[in-house]
Structures are given as structure tokens and as C-alpha cells.
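The values are calculated or read from the model by the stated rules, or taken from the named source; none is laboratory data. No experiment lies behind these values; they were computed from the predicted model shown. FYI the Cβ positions are ideal-geometry reconstructions off the backbone, even for glycines, and counts take in every protein chain you see.
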């Protein structure tokens, strides 16, 4: 396995884990149940995971846009396609705003909580995932290891942090909730 495959594998793992965490969190928190300490700990573990990973994806998108502007001419179709993909709705920042609204809805209680989590899940699984897939598809053919390193900024510490945050979510799963994204096996 070469270095680009390792980086792409970690990016795919983070994307799959984020899908799984977002789905599990939305599933658990859309239920009309009374709040419990265990559910609050689970929610916090999900939020911690998603905030971390979505921030990483936002930073990667910024670095990718910067790289495209320095490497590709303004009229280059590859640059324009990448800029179009990066301009699509579904940025990680927008997704984090919806996550914050869902958490605020939970703290406020009532039916707004269920609606907020439903909206977050819909946005995450729709706009964020579609945008992420489009950006990934445009980056995939790049053969430069240095570009992949610069954009992804993945190192042993970030891999360990991601695994620890994901394990924390897994350890706090409420009964009846699974950690798997739609169409993906849990990882």
C-alpha cells in the first residue's frame, strides 16, 4: 500500500465514522424519551467527535482550495470544477451550525429537539455527504504525495485522536442504537 492509499484510507475512515456517529446521534436523540445522564454523555461524545472531524474537513477544504489556486491557472477546467465543488452547499462549517442548533434544541427540550436532530441528520446525510463525495472525486486522481500530505494533514496524532473520539462514542451507545451509517458497515 502506498502513502496516498494510506491517506485516502484514513480520510474514508473519518468520513464513514462521521456518517455513523451522525446517524447514531440523530437516531438516539430524535426519540421522545426523557433525558438521562447516559444519553447526555452519549450526545457529548458525538458532538466532540463531529466537531473535531468536521473542523478537520473544513480545514482540508481550505488547504485544497489554496493549493488549486497556486497550482492551476484560473481558466483550467480542473480548477473550476474544484472551485465549483467547494462552493456547493454542505460545508463542514454549515454542518456544524446545524449540529449546534440540534444541541440547543435538545437543551431547550420539547419537539424542537426532535426536529433539530432530524434537520441535522438530513443535512449531514444530504448536502454534506454529497459535497464531500464531489470534492473527494475531484481530488482522487491527483498522483502527488506532497499534495495529499498538505491537504489532508494526517499524522499519527490525528489518527489516534480520531480513534479515541470514535471509541468514546462507541462506548456510550444507548441501548438499541448502532454505530453504522446508512449503506456502510460499522468500522
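Key figures
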{"item": "Residue match in segment 24-33 (condition: touching a residue at least 40 places away in the same chain (Cβ under 8 Å), outside any helix (DSSP H, G or I) and within 19 Å of residue 100 (Cβ to Cβ))", "result": "yes"}
{"item": "Lone unmet requirement of (1) loosely packed, with under 15 Cβ neighbours inside 10 Å; (2) modelled with pLDDT of 90 or more; (3) closer than 22 Å to residue 167 by Cα for residue 18", "result": "(1)"}
{"item": "Residue in segment 49-70 that is without any contact (Cβ under 8 Å) to a residue 12 or more places away in the chain, touching a helix residue (DSSP H, G or I) at 6+ places or on another chain (Cβ under 8 Å) and part of a helix (DSSP H, G or I) present", "result": "yes"}
{"item": "Residue match in segment 177-184 (condition: loosely packed, with under 11 Cβ neighbours inside 10 Å, over 19 Å from residue 17 (Cβ atoms), in contact with a helix residue (DSSP H, G or I) (Cβ under 8 Å, 6 or more places away or on another chain) and at pLDDT below 95)", "result": "no"}
{"item": "Filter pass, residue 104 being within 20 Å of residue 41 (Cα to Cα) and exposed (fewer than 13 other Cβ atoms within 10 Å of the Cβ)", "result": "yes"}
{"item": "Single condition residue 20 does not satisfy, out of (1) free of Cβ contacts under 8 Å to residues at least 12 places away in the same chain; (2) in a helix (DSSP H, G or I)", "result": "(1)"}
{"item": "Counted residues, segment 71-87 - those being part of a loop (DSSP other than H, G, I, E, B) and exposed (fewer than 15 other Cβ atoms within 10 Å of the Cβ)", "result": "4"}
{"item": "Evaluation of residue 86 against (1) under 21 Å from the mean Cα position of the chain (by Cα); (2) closer than 28 Å to residue 171 by Cα (one fails), failing number", "result": "(2)"}
